1. Percent relative contact order of the chain, based on C-alpha pairs within less than 8 angstrom and at least six residues apart?
2. In whole Hz and in residue order, list the ³J(HN,Hα) couplings for segment 148-153 that follow from phi through the Karplus curve 6.51 cos²θ - 1.76 cosθ + 1.60, θ = phi - 60°; x for Gly and Pro.
3. To the nearest 20 debye, what charge dipole does segment 8-266 have about its Cα centre, counting +1 at the Cβ of each Lys and Arg and -1 at the Cβ of each Asp and Glu?
4. Any idea what the relative contact order of segment 24-161 is, in percent, if you count C-alpha pairs under 8 Å spaced at least 6 apart?
5. ³J(HN,Hα) across segment 250-267 via Karplus (A = 6.51, B = -1.76, C = 1.60, θ = phi - 60°), whole Hz, x for Gly/Pro?
6. Amide H to amide H, which residues 5 or more places from Arg91 or on other chains are under 5 Å from it, using H placed in the peptide plane?
7. Compare the Cα positions of Val203, Ala191, Gly222 along the charge dipole of segment 137-267 (+1 at Cβ of Lys, Arg; -1 at Cβ of Asp, Glu; about the Cα centre) and return the one farthest towards the positive end.
8. Sort Lys64, Lys108 by Cβ crowding within 10 Å, fewest neighbours at the top.
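What follows draws every value from the coordinates through simple rules; no lab data is involved. What you see is a predicted model, and the numbers here were worked out from it, not measured in a lab. With ideal geometry, Cβ positions are generated from the backbone for all residues, glycine too; neighbour counts draw on all protein chains shown.
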Amino acid sequence: MQDGVPQQLRQSDMLDPARAAACQAAFGWEGRVGEGDPLPAFFHQLYFWDVQPPEALGRDGHPKPGGIIPDMGLPRRMWAGGRMEFARPLRAGISAERVTVLESATRKAGRTGPLAFVTLRHEFRQQGVLCLTDWQRLVYREDPDPAAQRPVPPVARVDEDSRETRGFDSTLLFRYSALTFNGHRIHYDEAYARGVEGHDGLVVHGPILAQLLIRKAEAEIGHLRTFAFRATAPVYLGETPEFCRKGRDLWVRGADGRLCMSAVAEV
């Protein structure tokens, strides 16, 4: 415990194969995870829910700051990126333990106002053996100023060796929110997403984009040893972004050429 903030959190969960199979179905992927099968990479996002009663939620539908994440005094939360090291597959139908450690929590002055960055390290074990280490990076910021000029997202590269487009509908956003117990209103409450957080519409989950890049990397490069990604601009419902790869580099490019997410895969 440091300044009233716990530095470690332990959770256990049974990795229900039905939930993994439901996620495969939601994406329209063939095959179904069964008892004892290895989970697809990044499917650990479906487990270890943080279930809180309504009074413990913030205005955005997420649990209020507190617990292992300190209150940084900024209302808007976004998943900025992450890095994973895969030691061995997690297997469905077997209990797993997740140990979460607060690695850092810092507040800085950005071009558009104050920012806070939080890094969590999650270690996943089954039967006492480390299977996966996942560093999750969150960013917190102020509410947008309607009179301020919007930041210009970076331009995506165009030298890919392979690319494919993927559209999204509100049903997938709803089902993924349900499967991950993600109550963030930017994914289902358009009035909130536009009027409070300043988005152009409903936001496609960053983990959905990361999941599709991971699947592309595994299909085209091979079994992953590490995967790191960084979100740089939202993808909105109704858009059909391109998922691109050149060598170990992967990225999501919006129809207007903006870079929405970049990633690096190691096999």
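1. Numbers: 546 pairs, mean separation 51.0, N = 267.
Over the chain, the number comes to 19 percent.
2. Once θ is set to phi - 60°, the couplings for segment 148-153 become 7, 6, 5, x, 8, x Hz.
3. Details: 34 positive and 33 negative charges, 111 e Å.
Its charge dipole is roughly 540 debye.
4. So the answer I get is 24 percent.
5. 10, 7, 10, 10, x, 4, 8, x, 6, 8, 9, 7, 10, 8, 10, 10, 10, 10
6. Leu39
7. Final value for the positive-end residue is Gly222.
8. Fewest to most other Cβ atoms nearby, the residues stand as Lys108, Lys64.
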